[in-house]
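Encoded as structure tokens, the structure appears first; notes follow it.
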Amino acid sequence: MLYTITFGLLELAKPSIFQAQYSEHLERALQAYIDMCQSYFNRRDTFYGLIDRFVQFLLSWLAHGGSAAARASQFLSRHAGVLVQLSSAPGTDKMHSLRNLLSSSFSTSQEMKQIKEIQKDISISSTRNQLNSQLIPGSVVPLDKEGEYLYNELVHAETQDQLVGLMQDMLSMCVPKPEMLINYLDELLDNISSSSPGVRTVAYSCLTRLLRHSPSTWAAVLPSYLAALECGDEGVVGSALENLSAVVIVSQEKAEEILTTVFRLGLYSGINVLGPVAETLSILNLQIGN
């Protein structure tokens, strides 16, 4: 709410705010929104509208011309990485304002070179390629045409209901070959922090199946799972707690870290974590033989 109200004030101050005497303060204010996009990148769907307004503001700054446009170009060049990440990520990749910004904001050849290099790096170091190196060699099964089609549909889903249906289709398709779910891991990890309970439920069902089949995947799953526990969204945290035992059982090397995070959550947030913790400890004790 604070970010939204503050940005409304920035919008009301156009075009005067683009004057040279305000440039330093303007950049400090806009830096806060860059930081927001970085810190909450995995939850970008929850403030999609604010990102769009922010990008449109940047376009206005650039279009103001003169010294303002020069300062805008320098600011955009410094934060090219964040903007390209947003333009390449599911959901925000369909944002027309971002496409317009990236096609018009970097006027020099050096800046264009930076953008192309960043885009190349993102493509090369995509989540799925990074995960392949963490798995047992030969364990990744390439997608067939049906799987590729489903993946493209998932990436470009426009509504939560459509996304839930596609993820259920994915889960059904992978019943005989759960190892194929690794190809969708990037989307699954992104969707455990979705604002939609239905999306989160199916995402965790898929992750649980994948973890049971390929326990070595836990190292790739854990960072996103811990982020979901600590995000502050009651619904997202609740879904993460419901799946605590399933994650801890296959991530026993980090069980202490996960449970410590959950204990702190219960201590400082007031969320009741006793049930999930008790269930998890009971299963761990059974495995140990106590």
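Values for this structure:
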item	result
Sites matching GluC sites (Glu not before Pro) across the stretch 152-186 that sit in DSSP coil, with at most 10 neighbouring C-beta atoms within 10 Å	Glu158
Prolate/oblate/rounded label for the stretch 10-53 (Cα gyration tensor, a/c 1.5)	oblate
Phi-based couplings in Hz for the stretch 74-80 (Karplus 6.51, -1.76, 1.60; Gly and Pro marked x)	5, 4, 5, 5, 5, 10, 4
Cα gyration tensor shape for the stretch 128-288, rounded if a/c is under 1.5, else prolate or oblate	oblate
DSSP-assigned coil residues among GluC sites (Glu not before Pro) in the stretch 184-246, each with at most 16 further Cβ atoms within 10 Å	Glu230
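A short reminder: the numbers here are calculations on the coordinates, not readings from a lab. Not measured: the values here are computed from a predicted model. As a convention, Cβ positions derive from the backbone with ideal geometry for all residues, glycine included, and neighbour counts pool all protein chains shown.
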